[in-house]
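Engineer: I have a structure I would like to understand better, so I am pasting it below and will then ask my questions one at a time.
The values are calculated or read from the model by the stated rules, or taken from the named source; none is laboratory data. Just so we're clear, the structure is a prediction, and the values are computed from it rather than from any experiment. Virtual Cβ from ideal backbone geometry, glycine too; neighbours counted across all protein chains shown.
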Amino acid sequence: MKFAEDILIRPYITEKTNAEISEGKYTFIVDRKATRTQVKQAVEKLFGVKVLSVNTVNYDGKEKRQGYNVGKTASFKKAVVKIDTDPKPVSYATKGGKIVTTSKKYKTSIEEFGVAQ
């Protein structure tokens, strides 16, 4: 079992990912062997948010050259995580028939991501 800190490597910040933050989508570079379930559990544990969905993409390294030297850039895995930005209260009936409403205790954004909304 991997630790949550080992699964999430770093945030992936571009113009497109900054625009998606307002929709509740955050992008991370993750471990290449991490599954969607492991990414979901790591984000929920580290940031205290409720994850709705995880989409992952594997990128292979590109061939680059400098003069006559040829090499490859590093390959990586990117995960786009959609979080719950509007948690709704949960209502349920107790044994006596009384209806109890509780609010969810999740954050609605990731402040540690490093960008302002």
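Engineer: S53 passes all but one of (1) among the hydroxyl-bearing types (S, T, Y); (2) exposed (fewer than 11 other Cβ atoms within 10 Å of the Cβ); (3) within 13 Å of the chain's Cα centre (by Cα); which number fails?
Structural biologist: (2)
Engineer: OK, next. Return the only residue of K82, K40, K72, K25 being more than 30 Å from S103 (Cβ to Cβ) and of a type in the set (K, R).
Structural biologist: Details: K82 fails: more than 30 Å from S103 (Cβ to Cβ); K40 fails: more than 30 Å from S103 (Cβ to Cβ); K25 fails: more than 30 Å from S103 (Cβ to Cβ).
K72 is the lone residue from the list that is more than 30 Å from S103 (Cβ to Cβ) and of a type in the set (K, R).
Engineer: Let me ask something else about it. What number goes with the only condition from (1) closer than 24 Å to D6 by Cβ; (2) within 11 Å of the chain's Cα centre (by Cα) that A34 does not pass?
Structural biologist: Answer for A34: the failing condition is (2).
Engineer: Quickly run through the stretch 56-78 and pick out the residues that are under 15 Å from the mean Cα position of the chain (by Cα) and among the charged types (D, E, K, R).
Structural biologist: K77, K78
Engineer: Okay, moving on. Looking only at the stretch 61-79, decide whether some residue is buried (at least 16 other Cβ atoms within 10 Å of the Cβ) and either at pLDDT below 90 or assigned to a loop (DSSP other than H, G, I, E, B) (or both).
Structural biologist: Checked the stretch 61-79: no residue is buried (at least 16 other Cβ atoms within 10 Å of the Cβ) and either at pLDDT below 90 or assigned to a loop (DSSP other than H, G, I, E, B) (or both).
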